[in-house]
Amino acid sequence: MDRFRFLTAGESHGPSLGAVVEGVPAGLALAEADLEADLARRQRGYGRGARQTIERDHARILAGVRHGLTLGSPILLEVANRDWENWTRVMQVGPLSPDEAAELAALAEGGTKRAQPITRVRPGHADLAGALKYGFDDVRNVLERASARETTARVAAGGVARAFLRELGIDVWSFTAEVGGVAVDPARCTRPRDEADASPLRCPDPDAEQAMIARIDEARGRGDTVGGVFEVVVHGVPIGLGSYVHWDRRLDAALAAAVMSIPIVKGVEFGLGFEQTRRFGSEVQDVIQGRRADGTWVHRTNNAGGLTGGVTNGEPIVIRGAVKPISTLARPLPTADLITGGAVDAAHYERSDISVVPAAGVIGEAMVMLTLARFVLEKTGGDSMAEVADNLRRYRERIAAEPAPPVPGDGSGGHAATA
């Protein structure tokens, strides 16, 4: 069983979302305020929809923390859905009484859209596949959990991982690299991190950002949506997280799976990514320059994105997620009816964003941090923060030290020098 893991629960229009984070060592300073910034960052961004004006996401810590310090037991988080007030009968947890069922039917017949069963499945969503898999005749049962609203709980859990990693000197950030085919120019990425994070699209290139905004406005005018690319960068990770010995212990594979699990992400790449396929090997491989006086190893470039052989190599981790255009369109596409199987002119429409690339980057950060926390604890062990920090410090010192020259034939592979 993994030492560190998390689970989320809740529906888009249910009473609340929840997350359980298990495996956080005891003694980590953690407060609800530590989770606020990322939850707010997830809600911002040019092109977001009406839902963000309703919700004011705040995560309550309900278990696993006492007097501001983690206990080593599972941490329970809750984020209330303010929009629940408008969906209490539709999303009621308990069985409907005859009177309540009659009330809901009357609302549907009277034209209240949220009360009506959904059968016009939406292209690009989990509607059709999910309804058939679980045997539903109302797609509401699918879209409530498949909704991107679930990622709010991930970001809350990611805030716990951020606090843990920050104590160990590991920093994670993301930015918008492309929207609607408009990409940043590294030469024009002049905004510092804080300024970029506060900009409309969380973009370090102000010129590209203006062109991205124009693309979003164009999509809005057409009743359409646009996708893009976010980039997550991790600093301070030591050499040696992950392993090459088994496929499921490779950190790059775990990070790719974590980022791909974000509903709107359809591609992941590290460093140069797919660009490596268009170059000669001599232009791609990161030349190792050697070890500095302080024991850190340096590469001439970071085309690999900080990972070689499934293991961190000391360079910053660079991972990008390709965000598809949002599936729910203000001018819905033709589709079919779940019950009759026949064609219909327009799919079901529920309010939607135009572009969510900045928010997807924040979710990407959360998934990267939650994955890194697991691999850090796998490497260091430890039940308290003091023990984890001490183990990591001693490991960093060991890999920074000059090893004894190998002795041919002793069979130790260097282990004798570190025993």
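The values are calculated or read from the model by the stated rules, or taken from the named source; none is laboratory data. Model, not experiment: these values are computed from the prediction. Every residue, glycine among them, receives a Cβ derived from its backbone with ideal geometry; neighbour counts consider all protein chains shown.
Of the residues Ala115, Ala126, Ala106, Ala101, which is surrounded by 15 or more Cβ atoms within 10 Å (Cβ to Cβ) and more than 26 Å from the chain's Cα centre (by Cα)? Can you show your working first?
On the way: Ala126 fails: more than 26 Å from the chain's Cα centre (by Cα); Ala106 fails: surrounded by 15 or more Cβ atoms within 10 Å (Cβ to Cβ); Ala101 fails: surrounded by 15 or more Cβ atoms within 10 Å (Cβ to Cβ).
Criteria check complete, one pass: Ala115.
Do we have any residue at all in the range 48-62 that's part of a loop (DSSP other than H, G, I, E, B) and either free of Cβ contacts under 8 Å to residues at least 24 places away in the same chain or of a type in the set (Phe, Trp, Tyr) (or both)?
Step one: of the range 48-62, the residues part of a loop (DSSP other than H, G, I, E, B) are 48-50, 55-58.
Next, only the ones that are either free of Cβ contacts under 8 Å to residues at least 24 places away in the same chain or of a type in the set (Phe, Trp, Tyr) (or both) stay: none.
No, the range 48-62 has no match at all.
Take the residues of the range 276-317 that are touching a His at 6+ places or on another chain (Cβ under 7 Å) and not in a loop (DSSP other than H, G, I, E, B): which is surrounded by the fewest Cβ atoms within 10 Å (Cβ to Cβ)?
Per the criteria, the residue is Gln289.
What number of residues within the range 163-191 satisfy the criterion of being in contact with a Pro (Cβ under 8 Å, 6 or more places away or on another chain) and within 30 Å of Leu28 (Cα to Cα)?
If we filter the range 163-191 for residues that are in contact with a Pro (Cβ under 8 Å, 6 or more places away or on another chain), which is where we start, we get 164, 175-176, 184, 188-191.
From the residues that got through so far, the ones that are within 30 Å of Leu28 (Cα to Cα) too are 164, 175.
Total meeting the criteria: 2.
Kindly provide the set of residues from the range 156-200 that are surrounded by fewer than 23 Cβ atoms within 10 Å (Cβ to Cβ), within 27 Å of Asn81 (Cβ to Cβ) and touching a Phe, Trp or Tyr at 6+ places or on another chain (Cβ under 7 Å), ordered by number.
Within the range 156-200, just Pro200 meets the criteria.
Of all the strands (runs of 3 or more DSSP E) wholly in the range 158-271, which have at least 2 residues that are aromatic (Phe, Trp, Tyr)?
Values: elements: 171-179, 228-235, 265-270.
Passing ranges, in order: 171-179.
Yes or no: Ala219 closer than 20 Å to Arg320 by Cα and surrounded by 16 or more Cβ atoms within 10 Å (Cβ to Cβ)? Reasoning before the result, please.
Numbers: closer than 20 Å to Arg320 by Cα: no; surrounded by 16 or more Cβ atoms within 10 Å (Cβ to Cβ): yes.
It is false that Ala219 is closer than 20 Å to Arg320 by Cα and surrounded by 16 or more Cβ atoms within 10 Å (Cβ to Cβ).
Any idea which of Ala322, Ala347, Ala336 is in a strand (DSSP E or B), farther than 30 Å from Pro238 by Cβ and either in contact with a strand residue (DSSP E or B) (Cβ under 9 Å, 6 or more places away or on another chain) or in contact (Cβ under 8 Å) with a residue 12 or more places away in the chain (or both)?
Numbers: Ala322 fails: farther than 30 Å from Pro238 by Cβ; Ala347 fails: in a strand (DSSP E or B).
After applying the criteria, what remains is Ala336.
Only residues that are among the hydrophobic types (A, V, I, L, M, F, W, C), part of a helix (DSSP H, G or I) and modelled with pLDDT of 95 or more: list them for the range 114-142, please. Break it down into steps so the answer makes sense when it comes.
Step one: list which residues in the range 114-142 are among the hydrophobic types (A, V, I, L, M, F, W, C), which gives 115, 118, 121, 126, 128-129, 131-132, 136, 139, 142.
Okay, now just the ones that are also part of a helix (DSSP H, G or I), so 115, 128-129, 131-132, 142.
Result: Leu128, Ala129, Ala131, Leu132, Val142.
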